[in-house]
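Notes to accompany the following structure.
The values are calculated or read from the model by the stated rules, or taken from the named source; none is laboratory data. Quantities reported herein were computed from a predicted structural model and do not represent experimental measurements. Cβ placement follows ideal geometry from the backbone for every residue including glycine, while neighbour counts extend to all protein chains displayed.
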Amino acid sequence: MTLLKVLFQILMFPFAWIYTTITGVRNFLYDHTVLKSISSDVPVISIGNITAGGTGKTPFVIALANWLSEVGYSPGIITRGYRRQSKGQQIVRDRDSILLTPILAGDEPYLIASGTHQTVVIADTDRVAAAETAVKTYACSIVIADDAFQHRRLKRDIDIVLWDASHNPKSSHILPVGRLRESIKGLRRADLLLISRTDSISVTDTDYFRKINPNLFLSALPMSITQISNLTTGKVITPADLKNERILAFCGLGNPVQFYNTIKVLTDITPVTKSFPDHYKYNITDLNALVRQAEKSSCSYLITTRKDAVNLPESTKAIGNLLVIDIHYSIDEKIKAAILSKLPPRN
């Protein structure tokens with residue numbers, strides 16, 4: 001850790017204390033029913049983070065909704081739609097088709113709508129109203145509340161939290177010093193804690209999380225690459241095609257390091273990288289700068305995430321060597337059983 005970063009954290013500690021106090025008081029009020037949570041007519045599963053982004057929540061929501069559809073539920077996914085250029089409640093998908101562009105829906109709701117089948121997707125900052133629409137207008141039999149762990153006004157039957165495997169829980173701090181959205185003790189509310197992008201969980205981390213919540217279902221959530229494709233032609237590129245190739249990787253993610261590490265594993269070469277703010281909307285100036293940087297660094301390809309791809313302008317298709325990577329989470333049988341065990345009996 002650099003001296004500058006240490007000094008920054010010291011300066012930010014008073015703000016972190018204020019933030020901790022505010023979130024702590026709010027949680028206390030909900031825990032003691034001073035603030036009321038509103039129930040839905042159907043089961044609600046909350047998928048969320050206790051850290052600020054970068055856990056792979058969106059592909060997990062997609063995988064969960066598709067599995068629930070396969071076992072007979074009719075899912076409705078409700079999401080805030082962060083940084084969307086629309087107001088109020090918007091129906092992103094009505095089961096059969098996608099109704100909004102990425103700009104109006106927001107990048108993550110659009111990705112969820114694109115990756116799910118026979119699922120209703122609703123963007124609304126009022127999650128209670130969104131859940132009501134999903135149930136009463138679209139007859140959804142289960143609601144998945146995206147990024148809702150801290151949004152406690154909607155009562156949930158299951159709280160699932162994702163944790164990035166690269167993030168050390170023992171060195172976690174509250175925003176703005178660290179990445180925690182609330183005290184780590186908030187995991188006492190969680191039912192499942194899934195450690196994303198890994199095949200195993202260390203004994204040290206397991207013991208640490210168990211001390212916070214002895215009843216927590218804890219499991220690894222491995223990530224797999226489903227496809228790498230050329231954005232212009234759609235041609236699928238195999239991992240073998242990228243071995244020993246120099247690549248410029250760019251993204252606007254909450255935690256870009258994991259993406260860059262994935263590219264390094266694919267190529268066996270540390271990529272040239274360029275990071276943008278989370279949910280960044282790219283323009284032609286950004287693209288021209290990226291192309292120049294790739295040429296200067298003798299990169300064979302530029303590569304980005306599917307989430308970033310929906311935020312690229314139409315002119316991006318003129319870049320013939322731009323690749324997009326798609327990832328997927330497979331929900332194993334133990335996780336499925338843990339979820340089903342906490343859902344109420346179906347009618």
- Query: Do we find a residue being out of contact with any Leu (no Cβ under 8 Å at 6 or more places or on another chain) and either surrounded by 20 or more Cβ atoms within 10 Å (Cβ to Cβ) or on the phi < 0 side of the Ramachandran plot (or both) anywhere in region 48-59?
  - Reply: yes
- Message: If the requirement is being assigned to a helix (DSSP H, G or I), in contact with a Lys or Arg (Cβ under 9 Å, 6 or more places away or on another chain) and under 18 Å from Leu322 (Cα atoms), which of these qualifies: Ala249, Ala289, Ala240?
- Response: Ala289
- Are there any pairs, at least 6 apart or on different chains, whose C-beta atoms fall under 8 Å, with the first in region 318-335 and within 28 Å of Leu248 (Cα to Cα) and the second basic (Lys, Arg) and crowded, with 16+ Cβ neighbours inside 10 Å, and if so, which? Val324/Arg306; Ile325/Arg306; Asp326/Arg306; Ile327/Arg306
- What residue, of Ser219, Ser224, Ser297, Ser275, is among the small types (Gly, Ala, Ser), exposed (fewer than 14 other Cβ atoms within 10 Å of the Cβ) and at pLDDT 95 or above? Ser297
- Name the residues in region 252-268 that are in contact with an Asp or Glu (Cβ under 7 Å, 6 or more places away or on another chain) and not in a helix (DSSP H, G or I), would you? Gly252, Leu253, Gly254, Asn255
- Task: Residue by residue through region 31-57, note down the ones that are modelled with pLDDT under 95 and among the hydroxyl-bearing types (Ser, Thr, Tyr).
- Result: Thr33, Thr51, Thr55
- Message: Quick check on region 39-78: of everything there that is among the small types (Gly, Ala, Ser) and part of a loop (DSSP other than H, G, I, E, B), which residue is farthest from Ser330 (Cα to Cα)?
- Response: Ser39
- Item | Number of the exception - Tyr208 against (1) more than 27 Å from Met12 (Cβ to Cβ); (2) surrounded by fewer than 20 Cβ atoms within 10 Å (Cβ to Cβ); (3) not polar (S, T, N, Q) | (1)
- In region 191-229, anything without any contact (Cβ under 8 Å) to a residue 60 or more places away in the chain and acidic (Asp, Glu) is listed as Asp199, Asp205, Asp207
- Query: Scanning region 310-340 for residues that are modelled with pLDDT under 95 and small (Gly, Ala, Ser), which turns out nearest to Leu221 (Cα to Cα)?
  - Reply: Ser330
- Message: Take the conditions more than 20 Å from Phe60 (Cα to Cα), not assigned by TED's automatic domain parsing to the domain that holds Thr232 and not polar (S, T, N, Q) and apply them to Arg246. Does it pass?
- Response: no
- Message: For region 1-40, give me each residue that is surrounded by fewer than 13 Cβ atoms within 10 Å (Cβ to Cβ) and charged (D, E, K, R).
- Response: Lys5, Asp31, Lys36
- Query: Being of a type in the set (Asp, Glu), part of a loop (DSSP other than H, G, I, E, B) and out of contact with any Cys (no Cβ under 8 Å at 6 or more places or on another chain), is that true of even one residue in region 312-321?
  - Reply: no
- Please indicate, with yes or no, whether at least one residue in region 283-290 is among the β-branched types (Val, Ile, Thr), touching a Ser or Thr at 6+ places or on another chain (Cβ under 8 Å) and outside the structural domain of Asp107 (by TED's automatic domain parsing). yes
- Can you name the residue in region 124-148 that is more than 18 Å from Lys342 (Cβ to Cβ) and of a type in the set (Val, Ile, Thr) and, of all such residues, is farthest from the chain's Cα centre (by Cα)? Thr137
